[in-house]
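To start, the structure itself, in structure tokens.
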Amino acid sequence: MPLLNLTDVTVSYGQTPVLFNVDMAVEKGEIACILGRNGVGKTTLLRSVIGLNKVMSGSIVFDADEITKTPTYLRARYGISFIPQGREIIPYLSVLDNLKLGMTAAKNKPKKISEEIFEFFPMLKQHLKRQGGLLSGGQQQQLAIARGLLSNPKIMLLDEPTEGIQPSIVQEIEETLKRINREKGITVVVVEQKIDFARQLAQKFFIMEKGSVVANGHTADLTDALVHKYLAV
Ligand SMILES: Nc1ncnc2c1ncn2[C@@H]1O[C@H](COP(=O)(O)OP(=O)(O)OP(=O)(O)O)[C@@H](O)[C@H]1O
Ligand SMILES: [Mg+2]
């Protein structure tokens, strides 16, 4: 059984339907990417999985539990972590306090930040007292991922983690996500616009167009023809 399984999911903003009959199955332990041009519904899809958008019809099953109508805070406790587009760290709080926010979402709330987090993100240890808003974009993204990891998730959903980030840090983020996946066995779903990043990071892909998944498979089979048809601008 897939770790995350969406069946026939439809989501609207008010009267306007945005997702149509979305089917998506993510297996435990894999890295999957969601691709698609601007405005096709990628963010809406992730927000629906964590419960920030209401599902009109269809079902979402996570780790054998039906969660379609489960409140967001409980989905976080079940082990779903969401790292939103634009990162949304709290700019006036210190790096340390931003990290602590991540722990509040966990089921068994840890008392202190485990040293392990700094093995994945050594940079953060040097900046613990700094205001989050003073970090560079890439550092803020790493802070957001670290915060997500501190909720002790089974799956991490990341919305365009490389958006507006310099190439050297993009490379670092790719390596860190692979390590988190490999060493902690955490399943990763990442929305991406950078095709090369997605190809290198993920084993599976889903392409969205106009609110539906129109193609999916192994990233080895993500052909230039598919990229041209659905992803090229
Ligand atoms: N809060 C909202 N209210 C109404 N419509 C919205 C809202 N948020 C998004 N939409 C619309 O829903 C559709 C899907 O938006 P969504 O943000 O999910 O797309 P996306 O694929 O993440 O786009 P991008 O690549 O720009 O991040 C778009 O047509 C958008 O205009
Ligand atoms: Mg988006």
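The values are calculated or read from the model by the stated rules, or taken from the named source; none is laboratory data. Source: prediction; values computed, not measured. Here the Cβ positions follow ideal geometry from the backbone for every residue, glycine too, while neighbour counts run over all protein chains shown.
Brief remarks follow.
- Of the residues L52, L45, L19, the single one that is in a loop (DSSP other than H, G, I, E, B) and within 20 Å of E160 (Cβ to Cβ) is L52.
- Every residue from segment 201-229 that is among the polar types (S, T, N, Q), modelled with pLDDT of 95 or more and more than 16 Å from ligand 2 (Cβ to nearest atom): Q203, N216, T219
- Restricting attention to segment 21-37 and to residues that are in contact with a helix residue (DSSP H, G or I) (Cβ under 8 Å, 6 or more places away or on another chain) and of a type in the set (A, V, I, L, M, F, W, C), the residue that is farthest from K178 (Cα to Cα) turns out to be V22.
- Test: residue in segment 45-55 that is closer than 20 Å to V11 by Cα and touching an Asp or Glu at 6+ places or on another chain (Cβ under 6 Å): yes
- Selection of segment 79-94 for residues being more than 16 Å from ligand 2 (Cβ to nearest atom) and over 24 Å from N108 (Cα atoms) yields P91, Y92.
- Only a single criterion out of (1) closer than 14 Å to L157 by Cβ; (2) within 16 Å of ligand 1 (Cβ to nearest atom) is not satisfied by F20, namely (1).
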